[in-house]
Structure formats: C-alpha cells, structure tokens
1. Could you calculate, for the range 44-88, the ratio of the Cα radius of gyration to the Kirkwood radius, expressed as Rg to Rh?
2. Charges only on Cβ, +1 for Lys and Arg, -1 for Asp and Glu: so what's the dipole of the chain about the Cα centre, in debye to the nearest 20?
3. Just want to confirm a number: the relative contact order over the chain, from Cα pairs under 8 angstrom separated by 6+ residues, in percent.
4. Counting helices only, and only those DSSP H runs with n ≥ 4, report the 222 nm mean residue ellipticity of the chain as the sum of -39,500 (n - 2.57) divided by its residues, in deg cm²/dmol to the nearest 500.
5. Treating each Cα of the chain as an identical point scatterer and ignoring solvent, apply the Debye formula and state log10 I(q)/I(0) at q = 0.14, 0.18, 0.22 Å⁻¹.
6. Rg (Å, one decimal) plus Dmax (Å, integer) for the alpha carbons of the range 6-54?
7. With springs only between Cα atoms under 10 Å apart, run a GNM on the chain and tell me which of 29, 43, 86 wobbles the most.
8. What does the charge count around residue 98 come to, taking other residues whose C-beta lies under 15 Å from its C-beta (Lys +1, Arg +1, Asp -1, Glu -1)?
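The values are calculated or read from the model by the stated rules, or taken from the named source; none is laboratory data. From a predicted model like this one, the values you see are computed outputs, not experimental measurements. Quick reminder, even Gly has a Cβ in these numbers, built from the backbone with ideal geometry, and neighbours come from all protein chains shown. Keep in mind that these areas ignore ligands, DNA and RNA; they rest on the heavy atoms of the full protein, side chains included. Shrake-Rupley method; radii C 1.70, N 1.55, O 1.52, S 1.80 Å.
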Amino acid sequence: MAVGVLLVTHGRLGRHMIDTVTEMIGPPPLAIDVVDIQRGQDPDQLIKEAGIKARQLNSGAGVLMLTDAFGSTPSNVATRTATESPDYRVVAGLNLPMLVRIFNYPKLDLDAMIDNAVQGGRQGIVCGEKDLD
C-alpha cells in the first residue's frame, strides 16, 4: 500500500507540475490525481469531486492533498475534503521540490511523506547567493 496524492490547485497548475516532475524523473511511482479549480466553480461541487478522487486514491495508506496557496479556494476545498477521513491530510504551498521528494520517496507512510515533502519544499526555496553560503 502506498499513500495516494491529490493535487488541488488553481487552473492547470497541478497537471503541469505532475508533467514537469514526470519529465524530470519518470512516471509517478504512486497513485496521483488532480482537481483543477477554475474561477466561478461551485465549491460544493469541487469538494464532491475531490472526495471522489481521494476515495479512489486511498489504498488504505491515506491520501496527501497538496494545494498551492493557503487560504485560497483550492486550499479550502482540500481542507473541507480532508474532514471526510482521518487518513486525509493537507499541505499548502506546493512547489516543484516538494513534488520531487514525493516521487523520490513513494514508500513512506503518510506522516513521514508529509515531513519529507515539507522539508524538500522548504529546502527548495533559496534567496540567491545569501542562502547558498
């Protein structure tokens, strides 16, 4: 059993992120899907869609929902969807290094995957030469 991953993002960002990581390191080593959120969509319908996808992704090891911006509609949809199960978790601030970590360590349990993804995401943010010293 592996953790399922659901990206809940603005526009097609989630799909583009998966395509980019796949181009970098190969096909996803775990079950992954996306909920694309466009302006003006009904949040209740989006929560329903996210719930369906999360249930499909959950093989028993849980589902990690990644969203791009805390407090935004995708974040709110993911957070409300996560209330359906204690095996659903949400991390906001999705970036490419975070997703690379998930692809590189697909066998981690849910808690370890969250820690590893967040650490990778944070380490992937640098401020020019100042952070490279």
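1. On the way: Rg = 9.9 Å, Rh = 10.5 Å.
The Rg/Rh ratio comes out at 0.94.
2. On the way: 12 positive and 16 negative charges, 38 e Å.
I would put it at about 180 debye.
3. Working: 227 pairs, mean separation 37.8, N = 133.
It comes to 28 percent, rounded to a whole number.
4. On the way: 6 runs with 66 residues, N = 133.
My calculation for the chain gives -15000 deg cm²/dmol from helical runs alone.
5. Log10 I(q)/I(0), no solvent term: -0.57, -0.93, -1.35.
6. Here Rg and the maximum Cα pair distance are 11.9, 35 Å.
7. Top of the fluctuation ranking is 86.
8. Numbers: positive: 89, 101, 122; negative: 68, 115.
Residues near residue 98 contribute +1 overall.
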